[in-house]
């Protein structure tokens with residue numbers, strides 16, 4: 001493809017060299033550059049792509065997109081004010097704007113994104129609609145799964161995946177949209193049909209600094225959609241968002257349980273095996289049974305049902321799709337075992353999601369609640385004592401342990417969490433080794449108790465310093481229960 005076509009519609013400050021040069025591929029990682037490529041110099045958090053200009057030219061880069069003043073001969077230069085913003089448009093152009101030829105549903109919010117993605121996918125699967133997923137657990141094109149390194153990948157990877165979806169005749173793509181990806185312009189050139197707002201609670205404040213900035217980042221998605229926005233109005237930020245969207249021409253559909261809304265849950269019932277409710281919409285109503293317990297499950301079901309409603313599916317389609325979903329990996333997932341222990345693994349790694357998981361566990365526990373959790377290192381420190389306080393108030397016993405400490409001292413993270421637990425007078429123990437923390441919780445559990453292992457969910461690894469080791473809460477818990485570890 002000619003460079004002039006690749007940079008079409010980006011804000012160019014200046015150019016030098018031949019814009020008709022043929023480009024083989026687009027790249028932002030100097031390690032992956034090949035002969036005939038376009039290299040985009042991105043200023044990252046730790047690395048500045050401009051430092052690798054000599055290296056990529058030696059490897060055969062034909063053109064560069066830069067922010068800094070660069071004087072070079074023999075290579076075409078395109079100067080822009082924001083390389084990240086340019087990347088989104090470049091990626092879409094190079095891969096043929098694939099999202100113009102499918103429905104794209106973007107889901108954002110602090111909690112619920114992954115589960116809603118899979119619930120919508122279940123409705124589509126039930127109708128044999130070809131679909132794709134981009135999200136936290138994995139990326140999926142039809143039945144092919146790919147490892148997910150980020151909830152929302154970089155712009156080039158995103159557009160390449162959408163191109164592969166288009167080649168596979170995918171009709172609907174469902175993606176989790178993180179606040180980071182919105183702020184870093186990764187999703188700028190995606191043609192979103194529908195946006196879904198789940199909720200907004202304390203998370204990622206190491207990056208956004210305060211809740212207002214966090215909200216403003218999330219809000220941007222809903223000004224990128226062309227068909228409808230679906231908003232949870234039981235969340236105060238959702239209410240605010242609906243008011244701000246009144247100025248747009250895009251349809252807004254609201255959902256909830258407690259407040260007046262378009263799509264509502266009534267007659268709710270929650271048991272250890274799941275949740276049921278009456279789905280009420282402007283066109284139809286009827287009973288839905290979900291296979292995951294908890295009020296949060298009903299909210300997730302409502303969001304998925306709202307998306308299907310917008311896409312024109314019937315109550316029968318929605319009911320069958322939601323009820324066929326057996327649960328999502330690492331989301332309030334029971335650890336099957338031969339000894340009768342009630343052990344739940346959940347991805348809850350924010351104050352709100354931890355509270356939801358514990359409230360759900362309390363609804364059907366006949367005994368004590370024993371919680372095992374930690375907080376990630378090099379991430380928002382302000383939520384640690386809050387999560388400790390929530391765990392202490394809603395548990396009978398807490399084991400504070402490591403999550404993914406990364407480069408932080410594990411004991412320091414545990415100390416931060418401890419500050420919140422102390423205020424509750426809940427019994428607790430600090431055990432840095434996560435495996436031993438899980439062992440301690442299971443050792444003290446009795447027949448009717450519930451052990452909640454929170455924070456990592458579907459993850460199959462643990463990041464300790466500069467090492468990444470194999471670690472799956474579900475496998476570790478099962479092995480301990482069965483006496484294999």
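Our Cα-only numbers for the stretch 394-485 put the radius of gyration and Dmax at 13.5, 40 Å. Between residue 273 and residue 240, full extension at 0.36 nm per residue minus the direct alpha carbon distance yields a gain of 8.4 nm.
Tell me, what is the percent relative contact order of the stretch 333-481, built from C-alpha pairs under 8 Å that lie six or more residues apart? Normalised by residue count, the contact order of the stretch 333-481 is 33 percent. The slack in the chain from residue 169 to residue 289, taken as 0.36 nm per residue of separation less the alpha-carbon distance, amounts to 40.1 nm.
Calculate how many DSSP beta bridges within the stretch 3-94 are antiparallel, expressed in % of all such bridges and rounded to the nearest 5.
Percent antiparallel among DSSP bridges in the stretch 3-94 is about 35.
The alpha carbon centroids of the stretch 208-280 and the stretch 433-485 are separated by 34 Å.
Here, the stretch 75-199 has an Rg and a Dmax of 14.3, 52 Å when only alpha carbons are counted. Here the relative contact order of the stretch 3-94, from alpha carbon pairs under 8 Å that lie six or more residues apart, stands at 35 percent. Taking every DSSP beta bridge that has both ends in the chain, the antiparallel portion is near 35%. With R₀ set to 51 Å, the beta-carbon distance separating residue 149 from residue 73 gives a calculated FRET efficiency near 0.85.
To the nearest 10 degrees, how steeply does helix 155-167 sit against the main Cα axis of the chain, on a 0 to 90 scale? It is inclined by approximately 90 degrees.
If you take the Cα centroid of the stretch 27-70 and the Cα centroid of the stretch 311-374, the two points sit 45 Å apart. Axis angle, to the nearest 10 degrees, between helix 351-364 and the longest C-alpha principal axis of the chain: 30 degrees. Report the FRET efficiency, 1/(1 + (r/R0)^6), for residue 51 and residue 412, where r is their Cβ-Cβ distance and R0 is 35 Å, rounded to 0.05. FRET efficiency, residue 51 to residue 412: 0.60. In this simple spin-label model, placing a label point 7 Å from the Cα along the Cα-to-Cβ direction at both residue 29 and residue 378 gives a separation of 1.6 nm. Pairs of Cα atoms nearer than 8 Å and 6+ residues apart set the relative contact order; for the chain it is 11 percent. Counted over all Cα-Cα pairs of the chain, pairs farther apart than 27 Å make up 59 percent. Based on alpha-carbon atoms, the Kirkwood radius and the radius of gyration of the stretch 3-94 give Rg/Rh equal to 0.90.
Helix 383-394 and the long axis of the chain differ in direction by around 20°, with both axes built from C-alpha atoms.
For the chain, what does the helix formula give at 222 nm: sum of -39500 (n - 2.57) over DSSP H segments with n ≥ 4, over the residue count, nearest 500 deg cm²/dmol? List each step's numbers first, then the result.
Numbers: 16 runs with 161 residues, N = 485.
Mean residue ellipticity, 222 nm, calculated: -10000 deg cm²/dmol.
Modelled this way, with points 7 Å down the Cα-to-C-beta line, the labels at residue 425 and residue 43 are 5.4 nm from one another. A simple spin-label model places pseudo-atoms 7 Å from Cα toward Cβ; at residue 320 and residue 447 they are separated by 4.3 nm.
Bear in mind these aren't lab numbers, they're just calculated from the coordinates by the rules spelled out. Owing to the predicted nature of the structure, the values given are computational and were not obtained by experimental measurement. Backbone-built Cβ (ideal geometry, glycine too); neighbour counts: all protein chains shown.
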